[in-house]
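To keep things clear, I will list the structure first and then write my remarks on it.
The values are calculated or read from the model by the stated rules, or taken from the named source; none is laboratory data. This one's a predicted model, so the numbers in the text were calculated from it and none came from an experiment. Note that we place each Cβ from the backbone using ideal geometry, even for glycine, and neighbour counts take in every protein chain shown. To get the accessible areas, we keep the full protein, side chains included, count just its heavy atoms, and leave off ligands, DNA and RNA. Shrake-Rupley method; radii C 1.70, N 1.55, O 1.52, S 1.80 Å.
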Amino acid sequence: MVTITASYTVIPNEPTPHGRLWLAEIDQVVRVRYLPTIYIYKSKQCQENAIETLKNSLSKVLVHYYPVAGRLCYTEGARLELNLNAKGAILLEAQTDNTIHDYGDFSPSDSTRELVPLIDDNQPIGDIPLFAVQLTRFKNNEGFAIGVILFHPLSDGLGAIRFINSWAKIARGETLEADELPFLDRTLLKFTHTPLAPRFEHMEMKPLPLILGRTDASEEKKKKTSGTLLRLSPEQVEELKKKANEYDMKKKGSRGFSKYEAIGAHIWRCASKARELGENQESVVRFVADVRTRIIPPLPKNYFGNALTQTAAKGYVGEITSKPLGYVSQMLREAIESVTDEFIRSQFDIIRGFEHLDDARALFLGAEGNNFPYFGNPNFHLTSWMSMPVYEADFGWGKPAYFGIARVYPHDRAFILLSPDGDGSVLVCLHFQIAHLELFKKFFYGDI
């Protein structure tokens, strides 16, 4: 059991700009909810005044990242904007009766969910803090957790991690360099565009396939999912790349599949096998691509906001499960490579075309509501965090021993990130229907 012992509202320690901050189309179609993550520290050096260190450094970093201290608001057509009112972020101090070992490997569960702040996100949107953090000390002074929730319209994962790392750097008593300061002007994505004749399928905005013979996903939504961590050793990662590239290298001018393309394809194949659906069953895997370098001209390196957009690949279960791993990897690659400057502008045009943006959100989001697409059986959602510097969050007590998701998702998805061991191993944080989980694990390791 976790007990909150203190609560603080932290505001920037210097005056910051007020007014409204325009949010781009990408910001409009992300989940208007928190993404809960946890950092685990095994160090016993977390001194008694740790909460003061966190509080003081947070007030300093909010001067640079002042949108984080604001609140969201709706304008006409359910469009979101940021109200730069400096109402502040929330910082909690907590204690748990559990030892660090009681949490096992920190797979997402009800227990890990207690390590992040519990904020009611169903209250009026103007009252919801955009960022909250919880410092929880484990029993017997075995270490502590820093649980973080950040409202998704504020930023994508990369922007959020850079914010956390900047906060940690200030907590260590260091100063942010000029190239570490966030770029906050999102009007770079307010480009005008003359729509061309349709050139893109925009599969990421189409209804998802249902299990053959079904008229909706209601039966699948009732099934429980579970969170689990699966580890791939450096040798297993290389073996997956080798298997994928046996197919790719047969093509002239091939450059070889990436770690993500090989692992992502392997996960999609394992999910398709574990569900034991018919060969003619369609399956879509949705994932995101970073647009920072794909938009012309490119966004600044430290752009703070959502700069990821959805893309998707579709196939039949029969081909996904029987074709070589490289064949499935190629399906992912083609979906990634489709995200060009023109593709992004076309997608923005479609979003702008909605009179009410809630209708656009319904196409993109895999939410729990009945009016939203369901990413579970027979579909899947992939997220790669392998390029994010998640283990640089050293607040003065050493780097985290673990970073991951704190909640269990109600549909099938996987987060892929590098292991904290720094040896090239990979962690897959899998959320999958319990009924098929053991079979998934069997294929996950047996097919390597």
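Structure above, values below:
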item	result
Surrounding net charge for THR175, when Lys and Arg each add one and Asp and Glu each subtract one, Cβ distance under 14 Å	-1
Pair GLU235, LYS42: separation of 7 Å Cα→Cβ label points (nm)	2.3 nm
Size of electric dipole in the chain: Cβ of Lys, Arg +1 and of Asp, Glu -1, about Cα centre, debye, nearest 20	580 debye
Pairwise FRET efficiency - ILE434 versus LYS139, Cβ, R0 = 45 Å, nearest 0.05	0.95
Extended-chain gain in nm, criterion 0.36 nm per residue less alpha-carbon gap, ALA401 and SER226	60.7 nm
Pairs of alpha carbons in region 376-433 whose separation is greater than 18 Å (percent)	40 percent
Pairwise centroid distance, computed over Cα atoms, of region 275-311 with region 380-448, Å	18 Å
Label-point gap, in nm, between ASP423 and LYS206 - each point 7 angstrom along Cα→Cβ	4.4 nm
Region 1-121 - convex hull of the alpha-carbon atoms, volume per residue in Å³	139 Å³
Under Karplus coefficients 6.51, -1.76 and 1.60, residue-wise ³J(HN,Hα) of region 109-125 in Hz, glycine/proline x	6, 4, 5, 5, 4, 6, 8, 10, x, 9, 10, 6, 9, 9, 6, x, 4
Region 10-132 - percent of accessible surface contributed by carbon and sulfur, probe 1.4 Å	46 percent
Net dipole in debye of region 257-300 [+1 Lys, Arg Cβ; -1 Asp, Glu Cβ; about Cα centre; nearest 20]	200 debye
Extension reserve of the THR192-THR293 stretch, reckoned as 0.36 nm per residue once the Cα distance is removed	34.5 nm
Contour minus Cα-Cα distance for THR9 and ASP179 (0.36 nm per residue)	58.4 nm
Relative intensity, log₁₀ I(q)/I(0), of the chain from a Debye sum that treats every alpha carbon as a point, q = 0.06, 0.07, 0.09, 0.14 Å⁻¹	-0.25, -0.35, -0.59, -1.47
